[in-house]
Amino acid sequence: MIRIGPAGIPLSCKERTNIDGIIYTRCLGLSAMEIRFARGFISNEEAKEIKRVAKKCDIAIYVHAPYYINLAGDKRNVKMSREKIEKSLYLAHLMGARIMTTHLGFYGNLSKKETMKRIVKNLRAIRDRVKKRGIEVPIGLETMGKKEVFGSLEEIIEVCKRVRGTVPVIDIGHIHARCNGCLKEKEDFQKIFDALKDLNLNHYLIHLTGVKYDSSGELYHVPIKKGDIPVIKLMECILENDYDVTIISESPVVEHDAVYAQILLDRAMEMMK
Ligand SMILES: [Zn+2]
């Protein structure tokens, strides 16, 4: 199955609550939504209400932790990051979310190896703590777009191998920016899925947006049509392999590009007939 939906409340949704966002997403013919904590965490009651409404509307819920996370930093950084991730996981659990996505941290002055070591250790600790509370929502680890930030595809795969309860979040815009625009052909997308083979995933969470970049990696997100990622080829790759995926649009024109992605998917499907 392929689900597509917006990151956060759709921009054109007049009421600015998550619940209205879910209902509106349904009206657009989309089938997933990512709940973000841009303006702070939501209440437990709201989380439970989200679960109820999302189920009724058949919208698959995903969660994104607050952006500023550093599990490779000093004690204070790690403590703050740990609290944010655990709180996000708890709310994701109440919402019946499928995956809780998070960033991991920065290299700073550390070697890549040391950064990896710290992140793995701290993630394991988080997983163990939430597991004791009965929270089993998988922790989604996002591939990152800036080269000074931990999170190349290879690094994310390695962490997923070493920490049980984690899954990769394939951020297509970030991968494209980090490799200087390497995603050109269907085979380039196939390489991403092939690299993930060892993880034996039966579902892939994908973040999608157009992106501007330079040699340091990502500069900013742009609408899909303003970027140079051939999204139709991604769709062909997904359809050919019959992958079970959820695509979350992180484009600046959030729901417009979610609907556009749906159109490209339908077009790819037509072409394959
Ligand atoms: Zn993210």
Worksheet item: Does the stretch 94-109 contain any residue that is within 23 Å of Ile247 (Cα to Cα) and assigned to a helix (DSSP H, G or I)?
Response: yes
Practice prompt. Sort through Tyr220, Tyr204 and tell me the only one that's within 16 Å of the ligand (Cβ to nearest atom) and free of Cβ contacts under 8 Å to residues at least 24 places away in the same chain.
Written response: Tyr220
Discussion item. Restricting to the stretch 114-148, and then to whatever is in contact with a Phe, Trp or Tyr (Cβ under 8 Å, 6 or more places away or on another chain) and under 19 Å from Cys182 (Cα atoms), can you tell me which residue is farthest from the ligand (Cβ to nearest atom)?
Written reply: Glu148
Worksheet, complete the sentence: Considering residues that are within 16 Å of the ligand (Cβ to nearest atom), basic (Lys, Arg) and surrounded by fewer than 22 Cβ atoms within 10 Å (Cβ to Cβ), the number found within the stretch 149-187 is 0
Worksheet item: Can you find even one residue in the stretch 42-57 that is within 19 Å of the chain's Cα centre (by Cα) and within 15 Å of the ligand (Cβ to nearest atom)?
Response: no
Worksheet item: Is it fair to say Leu199 is buried (at least 17 other Cβ atoms within 10 Å of the Cβ) and either at pLDDT 95 or above or in contact with a Ser or Thr (Cβ under 7 Å, 6 or more places away or on another chain) (or both)?
Response: no
Worksheet item: Quick check, is Met80 within 23 Å of Arg36 (Cα to Cα), of a type in the set (A, V, I, L, M, F, W, C) and either surrounded by fewer than 18 Cβ atoms within 10 Å (Cβ to Cβ) or at pLDDT below 95 (or both)?
Response: yes
Item to complete: With the condition kept exactly as written, say whether any residue in the stretch 228-242 is within 16 Å of the ligand (Cβ to nearest atom) and either not in a helix (DSSP H, G or I) or not polar (S, T, N, Q) (or both).
Response: no
Worksheet, complete the sentence: Here the residues within the stretch 202-220 that are surrounded by fewer than 18 Cβ atoms within 10 Å (Cβ to Cβ) and over 18 Å from Met235 (Cβ atoms) are Asn202, Lys212, Asp214, Ser215, Ser216, Leu219, Tyr220
Item to complete: Considering only the stretch 26-43, state which residues are exposed (fewer than 11 other Cβ atoms within 10 Å of the Cβ) and touching a residue at least 40 places away in the same chain (Cβ under 8 Å).
Response: Gly29
Worksheet item: Any residue in the stretch 54-65 that is in contact (Cβ under 8 Å) with a residue 60 or more places away in the chain, touching a Gly at 6+ places or on another chain (Cβ under 6 Å) and either basic (Lys, Arg) or closer than 20 Å to Met144 by Cβ (or both)?
Response: no
Fill in: Any pair with Cβ under 8 angstrom, 6 or more apart, that starts in the stretch 139-156 at a residue that is without any contact (Cβ under 8 Å) to a residue 40 or more places away in the chain and ends at one that is assigned to a helix (DSSP H, G or I) and near the ligand (Cβ under 9 Å from one of its atoms)
Thr143/His174
Discussion item. Take the conditions at negative phi, more than 16 Å from the ligand (Cβ to nearest atom) and either of a type in the set (Phe, Trp, Tyr) or at pLDDT below 95 (or both) and apply them to Arg26. Does it pass?
Written reply: no
Worksheet item: So which residues in the stretch 62-103 are within 13 Å of the ligand (Cβ to nearest atom), touching a helix residue (DSSP H, G or I) at 6+ places or on another chain (Cβ under 7 Å) and farther than 17 Å from Val130 by Cα?
Response: Pro66, Ile69
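The values are calculated or read from the model by the stated rules, or taken from the named source; none is laboratory data. For clarity, every value in this text was computed on a predicted model and none was experimentally measured. Every residue, glycine among them, receives a Cβ derived from its backbone with ideal geometry; neighbour counts consider all protein chains shown.
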